[in-house]
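Colleague: What follows is a single structure, and I will ask about it in a moment.
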2 protein chains.
Amino acid sequence: MAEVMGFQKIRIVLVETSHGGNIGAAARAMKNMGVSRLYLVNPAEFPSAQATFRAVSAGDVLEGAVVCSSLAEAIADCSLVIGTSARERKIPWPLIDPVTCAEKTLEMNHQGAETAIVFGREDRGLKNEELQNCHYHVNIPTSGDYSSLNLAMAVQVICYELVNQSGLPLPQESWDQPPASAEDLNHFFEHLERTLVQVGFHDPDNPRQLMSRLRRLFYRINPDQMEMNILRGFLTAINHASSQDTAALPVDNTKE
Amino acid sequence: MAEVMGFQKIRIVLVETSHGGNIGAAARAMKNMGVSRLYLVNPAEFPSAQATFRAVSAGDVLEGAVVCSSLAEAIADCSLVIGTSARERKIPWPLIDPVTCAEKTLEMNHQGAETAIVFGREDRGLKNEELQNCHYHVNIPTSGDYSSLNLAMAVQVICYELVNQSGLPLPQESWDQPPASAEDLNHFFEHLERTLVQVGFHDPDNPRQLMSRLRRLFYRINPDQMEMNILRGFLTAINHASSQDTAALPVDNTKE
C-alpha cells in the first residue's frame, strides 16, 4: 500500500540524533505512514538495540537507513528541502505548516523529484547554517505553553500529514444494512404518531413541538432498514398491548 | 496560551495502559498541544519513574491525572465519546478521521460540553464493549502496510489535529523587510535588461525568452526592498565595471 501511495521520492533526514531510541521510534512512525527512506547525519548511536526495540516492525526502515557525514551529503540530490524549526530565527525564512509541507512534498513527489524533510537534534534542533540550506521551514503548531515536541513525535505528525493530504480515503467500514428511505421514515413517523396518540402521550389537538422534535431526532440518527424494522416492530407490539389492556389509563404528557 | 485555545472540556482517556513510559509520552504530547486533562483507567504502572521521565516538562499533566477503575467512570459526564479504533468491527460504527474528530470535539468544547477521546491498550486497543460506549470511532489513516501506531504517537496525532482544526494561526515570523513594490520590480527589470545588454549577454533585436524567464524568476522570489537594493547595487557595480573596462569582449549568450 505504501507503493500505491507512492512516497518513494520522500526522505526523512535526522541530523545528529543523540538517542538510538528516537531513531527507532521515528522509523516506526515513518513506516506507519508509508514513508520508508531514512537518512541519518552523524547519529550518536546507530545501529543500536534501543533503535531496533523502538522500531518494533519497522526494522526494514532502519536496515535501509543511509548514514551520512554531512547534511549536504544527505540532501545533495533533493529538489526540495524542508527543515523543521521551532524557534524564530534571526533572518526570517518562509515558514509553512505541516499541511503545506505535505502539499509541497507531494507535488514534488508527483513530479518525480526528491524531497528531504530535515529534523534537528533533540535538544537544539537545526543550526542556522543548516536551516539556510532549506527552501522552507516547517513549524508544527503547538499550544505555545510547551512547544518542544519529542523528535519522533514530530516525524509522526509530518508523516501523518503526508498521508492525510495525499487524499487517501479513510478505510470506511461498509455499513452492514442499507439505509432507510424517506418513505420508510415517513411511514415510521405516521406509525409513531398513531402510537403516541393511542397511549395518550400525544394530543393531536394540542401537538406542541412533539412530532417536530421526534422527527428531528430520528433524522439525525439516519436509521438503517433493519433499525427501522425493529422500531416498527416495537410500535406494533405497543399497539397490540395497548388495545388489549383497555383498562390502562392514558399517560399524562408532562414532557413538553 | 492553552487557556486562550480553550481545550478545557476535552479529556484524553487511556484504558489499561501497560507501560508507564507511554503514559508519560502521551502527557507530553498532550501538553505540547494544549490538552491538559488526562484520565487513566486501571493503568498497570502509575505513577512511575518512566512516566515522569518521558513526560519531560509535562509533569503537571501527570500530577493532575484522574485514575479510574472503569471506562464508565472516566466518561460518565461526557456528551461526546470518541474511541480510537484500528480494526474493523463486527458491528460497523460511524468511523471518522482525525480531522472530523477534532471538528466534533471542538464544537462540543465550544458549547461547553465534555468530550472524551479514548485510547485502548498498547497491544489490543479497545474491546468491543468499550467501543460500543462511543458515539464515534476515530481511525488514524496509515499506509496500510504497518498500521499499528505507538499509543503516545496516536495521542500526538489526535491532539495535533485539535490545534490544527482550531484554526490557531501559524506563529508566522514577521518578515524583517517590507516587500518590494511592482514599481520597484519594474525599475529593477529595466536596470537588469540595460545591464544584460551592456555586458553583451542580451540582444534586444533577438531577445528570445530571456527577459520573460528572468521576470518570472524574480516574481517567484517575491523580493523585499532590501533584496531589491542589493540587486540594484550589484547591477550598478556591473555597469561601472563594464564601462571602465572597455576592452572587455561581449559575453556570448549561449544559454538560451
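Colleague: Name the pairs whose Cβ atoms lie under 7 Å apart, with the first residue in segment B:214-226 and more than 17 Å from B:W175 (Cα to Cα) and in contact (Cβ under 8 Å) with a residue 24 or more places away in the chain, the second assigned to a helix (DSSP H, G or I) and open to solvent by less than 90 Å² (accessible area, probe 1.4 Å), and 6 or more positions between them or separate chains?
Modeller: Matching pairs, first to second residue: B:L214/B:L192; B:R215/B:F189; B:F218/B:L185.
Colleague: Would you mind finding the one in B:F46, B:F53 that is over 19 Å from A:G144 (Cα atoms), over 22 Å from the mean Cα position of the chain (by Cα), buried (at least 17 other Cβ atoms within 10 Å of the Cβ) and in the same structural domain as B:L149 (by TED's automatic domain parsing)?
Modeller: Working: B:F53 fails: buried (at least 17 other Cβ atoms within 10 Å of the Cβ).
Just a single option satisfies the conditions, and that option is B:F46.
The rows are residues; the columns are (1) crowded, with 18+ Cβ neighbours inside 10 Å; (2) at pLDDT below 95.
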site: A:A25; (1), (2): yes, no
site: A:G59; (1), (2): no, no
site: A:A65; (1), (2): yes, no
site: A:E88; (1), (2): no, yes
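Colleague: Another question, then. For segment B:130-157, enumerate the residues that are open to solvent by 30 Å² or more (accessible area, probe 1.4 Å) and out of contact with any helix residue (DSSP H, G or I) (no Cβ under 9 Å at 6 or more places or on another chain).
Modeller: Listed by number, the list holds a single entry, B:Q132.
Colleague: Is there a residue in segment A:53-60 that is away from every other protein chain (no Cβ under 14 Å) and either in a loop (DSSP other than H, G, I, E, B) or not charged (D, E, K, R) (or both)?
Modeller: Of all residues in segment A:53-60, those away from every other protein chain (no Cβ under 14 Å) come to none.
No, there is no match, as no residue in segment A:53-60 is away from every other protein chain (no Cβ under 14 Å) and either in a loop (DSSP other than H, G, I, E, B) or not charged (D, E, K, R) (or both).
Colleague: Right, next: Of the residues in segment A:158-176, how many are at pLDDT 80 or above and open to solvent by 40 Å² or more (accessible area, probe 1.4 Å)? So that I can check it myself, show each step before the final result.
Modeller: Initial filter on segment A:158-176 (at pLDDT 80 or above): A:158-167.
Okay, now just the ones that are also open to solvent by 40 Å² or more (accessible area, probe 1.4 Å), so A:165-167.
The total comes to 3.
Colleague: Restricting to segment A:190-234, what's the tally of residues that are under 25 Å from B:W93 (Cβ atoms), charged (D, E, K, R) and surrounded by 13 or more Cβ atoms within 10 Å (Cβ to Cβ)?
Modeller: So the answer is 4.
Colleague: Give the residue, chosen from B:V118, B:V138, B:V99, that is more than 19 Å from B:I75 (Cα to Cα), in the same structural domain as B:S36 (by TED's automatic domain parsing) and under 23 Å from the mean Cα position of the chain (by Cα). Spell out how you get there, then give the answer.
Modeller: On the way: B:V118 fails: more than 19 Å from B:I75 (Cα to Cα); B:V138 fails: more than 19 Å from B:I75 (Cα to Cα).
So the residue among B:V118, B:V138, B:V99 that is more than 19 Å from B:I75 (Cα to Cα), in the same structural domain as B:S36 (by TED's automatic domain parsing) and under 23 Å from the mean Cα position of the chain (by Cα) is B:V99.
The values are calculated or read from the model by the stated rules, or taken from the named source; none is laboratory data. Computed from a predicted model, the values in this text were never measured in an experiment. Every residue, glycine as well, gets a Cβ built from its backbone with ideal geometry; the counts of neighbours run over all protein chains shown. All accessible areas refer to the heavy atoms of the entire protein, side chains included, with ligands and DNA or RNA removed. Shrake-Rupley method; radii C 1.70, N 1.55, O 1.52, S 1.80 Å.
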